[in-house]
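Okay, so here's the structure we're looking at.
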Amino acid sequence: NTAESGVNPDDVKITFGKQEDILIRGGVVVNADMQFKSDVLIKNGKIAQVGLNILSPGARILNATGMYVMPGGIDPHVHFELPFMGTVSKDDFLSGTQAAVAGGTTFVMDFAIPLGREISPLEAFEQYKKLGEAKSVCDFGLHVAITKLNQDGDREKIVRDMAEVVKRGVNSFKFFMAYKGTLQIEDHDLIRAFALARELGAISMVHAENGDLVQEGQRKLLRQGIHGPEGHSFSRPPEVEAEAVHRASVIANQVGAPLYVVHVMSQAAMEEIARAKAKGYRIVGEAIAAGLTLNETAVFDRDWNRAARYVMSPPIRSIDDQHALVNGLKTRTLDLVGTDHCTFDTEQKRLGVDDFTKIPNGVNGIEERMTALFDRLVHTGKLTPSDYVRVTSTEAAQIFNIYPQKGVIAVGSDADVILLDPSKKKVVYHTEHHINIDYNVYDHWSFWGSVETTISNGRIVWNNGTLYTEQGTGRFVPTPAFGKMFHGLESETFHSSDYFAGHSNGKKKGVNRNGSY
Ligand SMILES: NC(=O)NCCC(=O)O
Ligand SMILES: [Zn+2]
Ligand SMILES: [Zn+2]
């Protein structure tokens, strides 16, 4: 036991990687609905007791005086070892989840993307699940990307795969409306895929940009002699993002499918979400840490290597957009915050040194999200600590249907818990971070709100600046179908075959829960 906050690191070394009884004393527990002074007892990887003056002889004591005791962060949008744009993103499930827990995130959701290889969505799911189980140091879930509906001339294969991955614990499909020629799915397939997802009780997620317009914009700029990173921003203006949000929301609403828009980066795109919400569409908007903290001036840096670090899609926008997105979280036009953590080192970014369309797209953020958002949202007084917990953890747990296992400090929930000191600053140095690249877009930034201790499934994995992780301790957590976004829709008669004219011999047949069509 120690009078200092957190625990004595020498003690921890003895039991690192092991679940133990932990008593968190004297902190303020913050859930999405309320905050209250309370102790928290952890046993066997679960929260065993929440209340005042808990006694538990033999438990390790964590002194949380002056700290917030919060559910571990849930990052619904990360990409580890993603084969993309001629290379593979640098952080894998090991470095990525180590950085996650060092930053207070205890659950990540990656995307199984059948990209750059002729594999099916089911094979992609199994590959990513295997990678995650072998390397992760915290629990993880998976979304599955659908890039086309026809595999090797077999129009039923993808349909069968979608049903099968739902059975295996996936409740969300991702569709890219951009990246023409590689990931982009065309509207006629999007309509059918949304309908299938709807029938299966799985959320349709979109990367919303008009990929055809982007491609035309890129060609025009290159013809005009614009080859640098700024061309990336010019080729993907906010209208191109907003148009895709509008189109996706209309298509989803027409087929009755709940829609999740990932990485909303512009005010224009956010306004399309507000419009859809006002019309009663089932739609949620995800902000990302980069959109809430960075601005487009970085892409205009005279130093090419520095500018390229900020190239991601949709692009990082203006300061006005950034402020609008922060306010959108406050007004609940936007619902939750991820990172889209997708890292490429300087050498990889330089693949596009002569042509901005070849700069691998992606920025870091998994290690900084919790502290950066605490600084920008809570320290500024815009959001309450409870609202912060909602947008960084609880909302994701509810949307992806793993609440109350995750996303709350409550008896019976997984012991994924952080101790956050609101009066301490976290300073980011690329020399100290846990991600696997040679820079950090937040290098030398300081944020109010430092995650002092992270507990993952009852294991202390981060304490006072030191990691105590063991590769492979993270589990794949299945996300069951028909979560929050489907509530009230379960019993409705819905046949995706209504959207597959001539696809099932004219017979009105749906995808049943066993996966046959
Ligand atoms: N966002 C980005 O630039 N890279 C990751 C892939 C994606 O989410 O579009
Ligand atoms: Zn995307
Ligand atoms: Zn992404």
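Overview of values
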{"item": "Matching residues, the stretch 248-275, being away from ligand 2 (no atom under 16 Å from the Cβ) and surrounded by fewer than 24 Cβ atoms within 10 Å (Cβ to Cβ)", "result": "SER249, VAL250, ILE251, ASN253, GLN254, VAL255, GLY256, GLN267, ALA268, GLU271, ALA274, ARG275"}
{"item": "Filtered residues of the stretch 76-102 (kept if more than 14 Å from TYR128 (Cα to Cα), within 14 Å of ligand 2 (Cβ to nearest atom) and touching a strand residue (DSSP E or B) at 6+ places or on another chain (Cβ under 7 Å))", "result": "PRO76, HIS77"}
{"item": "Matching residues, the stretch 327-362, being open to solvent by less than 10 Å² (accessible area, probe 1.4 Å) and more than 18 Å from GLN218 (Cα to Cα)", "result": "GLY328, LEU329, LEU334, LEU336, VAL337, GLY338, THR339, HIS341, CYS342, THR343, PHE344"}
{"item": "Residue satisfying all of: in the stretch 98-127; polar (S, T, N, Q) and open to solvent by less than 10 Å² (accessible area, probe 1.4 Å); modelled with the lowest pLDDT among these", "result": "SER120"}
{"item": "Pairs where the first residue, in the stretch 302-313, is in contact (Cβ under 8 Å) with a residue 40 or more places away in the chain and the second is open to solvent by 50 Å² or more (accessible area, probe 1.4 Å) and not in a loop (DSSP other than H, G, I, E, B), C-beta under 7 Å, 6+ apart", "result": "ALA307/PHE300"}
{"item": "Any chance ILE366 is more than 27 Å from LEU213 (Cβ to Cβ) and within 16 Å of ligand 2 (Cβ to nearest atom)", "result": "yes"}
{"item": "Condition met for GLY217 (at pLDDT below 95, away from ligand 3 (no atom under 16 Å from the Cβ) and either more than 22 Å from the chain's Cα centre (by Cα) or of a type in the set (Ser, Thr, Tyr) (or both))", "result": "no"}
{"item": "Every pair of residues 6+ apart whose Cβ atoms lie under 9 Å, when the first sits in the stretch 143-171 and is assigned to a helix (DSSP H, G or I) while the second is of a type in the set (Ser, Thr, Tyr) and open to solvent by 40 Å² or more (accessible area, probe 1.4 Å)", "result": "ARG160/SER516; ALA163/SER516"}
{"item": "Residues satisfying the stated conditions in the stretch 388-442, i.e. open to solvent by 40 Å² or more (accessible area, probe 1.4 Å), within 19 Å of the chain's Cα centre (by Cα) and over 29 Å from LYS90 (Cα atoms)", "result": "GLN398, ASN401, TYR403, PRO404, GLN405"}
{"item": "Options VAL170, VAL144, VAL159, VAL165: the member that is more than 30 Å from ILE460 (Cβ to Cβ) and within 16 Å of ligand 1 (Cβ to nearest atom)", "result": "VAL144"}
{"item": "Cβ-Cβ under 7 Å pairs, at least 6 apart or on other chains, the stretch 362-387 side on the phi > 0 side of the Ramachandran plot, far side part of a helix (DSSP H, G or I)", "result": "GLY365/ALA289; GLY365/ALA290"}
{"item": "Yes/no for ILE47 being modelled with pLDDT of 95 or more, part of a loop (DSSP other than H, G, I, E, B) and either among the small types (Gly, Ala, Ser) or open to solvent by less than 20 Å² (accessible area, probe 1.4 Å) (or both)", "result": "no"}
{"item": "Qualifying residue in the stretch 178-199 (condition: open to solvent by 10 Å² or more (accessible area, probe 1.4 Å), closer than 30 Å to ASN457 by Cα and either in contact with a Pro (Cβ under 9 Å, 6 or more places away or on another chain) or hydrophobic (A, V, I, L, M, F, W, C) (or both))", "result": "no"}
{"item": "Any hit, the stretch 180-189, residues being of a type in the set (A, V, I, L, M) and within 16 Å of ligand 1 (Cβ to nearest atom)", "result": "yes"}
{"item": "Restricting the stretch 347-387 to residues that are away from ligand 1 (no atom under 16 Å from the Cβ) and aliphatic (A, V, I, L, M), the residue that is nearest to SER95 (Cα to Cα)", "result": "MET370"}
{"item": "PHE80 vs. criteria surrounded by 19 or more Cβ atoms within 10 Å (Cβ to Cβ) and either on the phi > 0 side of the Ramachandran plot or within 15 Å of the chain's Cα centre (by Cα) (or both)", "result": "yes"}
{"item": "Filtered residues of the stretch 172-184 (kept if assigned to a loop (DSSP other than H, G, I, E, B) and among the aromatic types (Phe, Trp, Tyr))", "result": "TYR179"}
{"item": "Only one of ALA59, ALA32 that is modelled with pLDDT of 95 or more, under 28 Å from the mean Cα position of the chain (by Cα) and either over 20 Å from GLY338 (Cβ atoms) or of a type in the set (A, V, I, L, M) (or both)", "result": "ALA32"}
{"item": "Residues of the stretch 388-436 classified as basic (Lys, Arg) and in contact (Cβ under 8 Å) with a residue 40 or more places away in the chain, total", "result": "3"}
{"item": "Candidates GLU164, GLU216, filtered to the one that is among the charged types (D, E, K, R) and within 25 Å of PRO314 (Cβ to Cβ)", "result": "GLU216"}
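Quick grid of which residues meet (1) within 29 Å of SER172 (Cα to Cα); (2) within 21 Å of the chain's Cα centre (by Cα); (3) surrounded by fewer than 21 Cβ atoms within 10 Å (Cβ to Cβ):
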{"position": "TRP445", "(1), (2), (3)": "no, no, yes"}
{"position": "THR453", "(1), (2), (3)": "no, no, no"}
{"position": "GLU470", "(1), (2), (3)": "yes, no, yes"}
{"position": "GLY474", "(1), (2), (3)": "yes, yes, no"}
{"position": "PHE482", "(1), (2), (3)": "yes, yes, yes"}
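The values are calculated or read from the model by the stated rules, or taken from the named source; none is laboratory data. Given the structure is predicted, the values throughout are model-derived calculations rather than measurements. We place every Cβ from the backbone using ideal geometry, glycine too, and count neighbours over all the protein chains shown. Accessible surface areas use protein heavy atoms only, side chains included; no ligands, DNA or RNA. Shrake-Rupley method; radii C 1.70, N 1.55, O 1.52, S 1.80 Å.
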